[in-house]
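The structure appears right after this line, and notes come after that.
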Amino acid sequence: MPRLTTRLVLLAALLAFAQNVFAIDQQKVLSALQTVVMVRGYNDTGGLSYGSGVVVAQNKVMTNCHIFRSTKQPWIAHGEDTYDVFSVQADRWHDLCLLTTSNLPFKPANIVMGHDLKRGQDIISIGHSNGAPSPLTSAGVINSTYTFEGGRVIRSNAAFRMGASGSGIFDVEGNLLGINTFKTPGRHAYFYSLPIEWLADLEKLPVETTFPIKGKAFWEEDDDKKPFFMQIALPEINQDWPKLAKIAQNWINSDPNNSDAWYELGNAQENMQQTEEAKAAYKKSVMLDGSNTDSLFRLGAIAQSAGDKAVVHDINVAIANISKDLAQEYSHMLGCDMEC
């Protein structure tokens with residue numbers, strides 16, 4: 001199949017999947033699709049390892065370092081075309097590698113540093129999940145972002161699978177927001193993407209020419225050494241509310257001005273029927289970050305249960321000032337006919 005036809009088929013599939021989810025800029029998303037490549041290499045046992053990458057500069061591909069731990073000589077692939085990898089700059093702790101190749105004919109992804117990421121923001125994940133030769137797309141929203149070591153780690157519900165490590169998460173205008181890297185286990189997984197802001201420091205690291213790339217990433221630490229935003233994931237998914245409350249409290253003790261930590265404490269307390277304590281935690285969360293719609297949603301639900309229509313309405317106004325779509329979701333959650 002001719003390449004242009006293939007691209008149009010890929011875009012048509014993307015649009016068919018996403019058209020009922022959100023409005024997208026077709027041309028910009030098609031351009032983003034062309035920045036995603038496959039990264040391949042033979043491992044120590046002779047098997048073929050694979051991951052994904054995103055073109056971020058001329059002849060430069062950003063990906064995850066963990067896909068090179070048993071690969072002596074990787075290469076970049078796009079369709080039937082292959083490109084040798086000559087060197088790498090590796091940030092092992094942050095699990096980001098910047099590959100250098102030559103004659104790569106694709107324009108870099110559009111990158112907007114300091115992008116204003118918001119909860120509920122529509123996003124698209126594009127990568128070679130399951131080693132598919134053509135990049136696959138997954139639509140979703142940002143569930144939360146976590147400030148960590150100079151960037152904001154993104155948690156979303158845009159699914160990616162094995163083979164998509166190092167792929168891109170984009171907004172609906174095709175801007176690269178981050179690099180898809182790890183997920184929690186299980187059916188109701190959380191999906192995490194590393195911040196594109198870390199590219200600036202990655203570009204300053206020494207150039208290496210030897211593979212494999214060894215070294216533990218922060219997200220592979222023992223559970224009690226992981227960042228708190230990771231420690232809360234499994235207790236939340238498994239509805240282990242006492243454990244979630246304990247971790248959230250430890251998070252608050254470490255960082256008392258973290259809005260997400262207070263939300264998680266409130267979430268645990270509310271599910272343990274400690275309504276007044278939860279209400280206080282949610283209020284503290286909103287005081288620290290007025291755009292924390294997770295906490296606003298729960299405060300609205302508590303107010304509705306108490307029959308406090310004025311607070312329900314005030315929260316609806318506050319959410320609408322952040323996002324009209326989220327305000328509609330809030331109204332729908334509380335069963336209001338139009339708006340609360």
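The values are calculated or read from the model by the stated rules, or taken from the named source; none is laboratory data. Nothing here was measured: the structure is a model prediction, and the numbers come from that model. Quick reminder, even Gly has a Cβ in these numbers, built from the backbone with ideal geometry, and neighbours come from all protein chains shown. The protein model used for the area step is the full one, side chains on, heavy atoms only, and it has no ligands, DNA or RNA in it. Shrake-Rupley method; radii C 1.70, N 1.55, O 1.52, S 1.80 Å.
Does region 295-340 hold any residues that are acidic (D, E) and touching a residue at least 40 places away in the same chain (Cβ under 8 Å), and which are they?
D325, E329
What number of residues in region 277-294 are touching a residue at least 60 places away in the same chain (Cβ under 8 Å) and not in a helix (DSSP H, G or I)?
Of the residues in region 277-294, 2 are touching a residue at least 60 places away in the same chain (Cβ under 8 Å) and not in a helix (DSSP H, G or I).
From the residues in region 303-323 that are part of a helix (DSSP H, G or I) and of a type in the set (S, T, N, Q), which one is most open to solvent (accessible area, probe 1.4 Å)?
As a first pass, look at region 303-323 and keep what is part of a helix (DSSP H, G or I): 303-305, 309-322.
Applying the additional criterion that residues be of a type in the set (S, T, N, Q) yields 304-305, 316, 321.
Details: Q304: 83, S305: 109, N316: 7, N321: 127 Å².
Taking the candidates together, the pick is N321.
Do we find that F160 is in a loop (DSSP other than H, G, I, E, B), over 8 Å from the mean Cα position of the chain (by Cα) and crowded, with 18+ Cβ neighbours inside 10 Å in this structure?
When the stated conditions are applied, F160 passes them.
For the list (1) part of a loop (DSSP other than H, G, I, E, B); (2) crowded, with 16+ Cβ neighbours inside 10 Å; (3) among the polar types (S, T, N, Q), I need the number of the one condition that N267 fails.
All conditions pass for N267, except number (1).
Condition check ((1) in contact with a His (Cβ under 9 Å, 6 or more places away or on another chain); (2) under 25 Å from S193 (Cα atoms); (3) of a type outside the set (A, V, I, L, M, F, W, C)) across all residues:
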| site | (1), (2), (3) |
| --- | --- |
| N238 | no, yes, yes |
| L244 | no, yes, no |
| N271 | no, no, yes |
| Q304 | no, no, yes |
| G307 | no, no, yes |
| V312 | no, no, no |
| L326 | no, yes, no |
| M333 | no, no, no |
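Search region 113-140 for residues being open to solvent by 40 Å² or more (accessible area, probe 1.4 Å) and of a type in the set (A, V, I, L, M, F, W, C), and hand back the single one that is farthest from S295 (Cα to Cα).
L136
I'm trying to understand the selection: among the residues of region 213-228, which are surrounded by 12 or more Cβ atoms within 10 Å (Cβ to Cβ) and not in a loop (DSSP other than H, G, I, E, B)?
F218, W219, E220, F228
Taking the stated definitions as given, is S125 closer than 21 Å to V56 by Cβ and under 11 Å from the mean Cα position of the chain (by Cα)? Write out each step before concluding.
Numbers: closer than 21 Å to V56 by Cβ: yes; under 11 Å from the mean Cα position of the chain (by Cα): yes.
Here the answer is yes, as S125 does meet what is asked.
Can you name every residue in region 133-144 that is of a type in the set (V, I, T) and touching a helix residue (DSSP H, G or I) at 6+ places or on another chain (Cβ under 9 Å)?
The one that is of a type in the set (V, I, T) and touching a helix residue (DSSP H, G or I) at 6+ places or on another chain (Cβ under 9 Å): T137.
Can V172 be described as over 21 Å from L117 (Cβ atoms), open to solvent by 10 Å² or more (accessible area, probe 1.4 Å) and among the β-branched types (V, I, T)?
Details: over 21 Å from L117 (Cβ atoms): no; open to solvent by 10 Å² or more (accessible area, probe 1.4 Å): yes; among the β-branched types (V, I, T): yes.
So V172 fails the test.
When you scan region 50-79, how many residues do you find that are of a type outside the set (A, V, I, L, M, F, W, C), at negative phi and open to solvent by 30 Å² or more (accessible area, probe 1.4 Å)? Don't jump to the end; show me each part of the working.
Within region 50-79, the subset of a type outside the set (A, V, I, L, M, F, W, C) is 50-53, 58-60, 63-64, 66, 69-74, 78-79.
Now drop any that are not at negative phi, which leaves 50-53, 58, 60, 63-64, 66, 69-74, 78.
If we keep only those that are open to solvent by 30 Å² or more (accessible area, probe 1.4 Å) as well, we get 50, 58, 60, 66, 69-70, 72-73, 78.
Of the residues in region 50-79, 9 are of a type outside the set (A, V, I, L, M, F, W, C), at negative phi and open to solvent by 30 Å² or more (accessible area, probe 1.4 Å).
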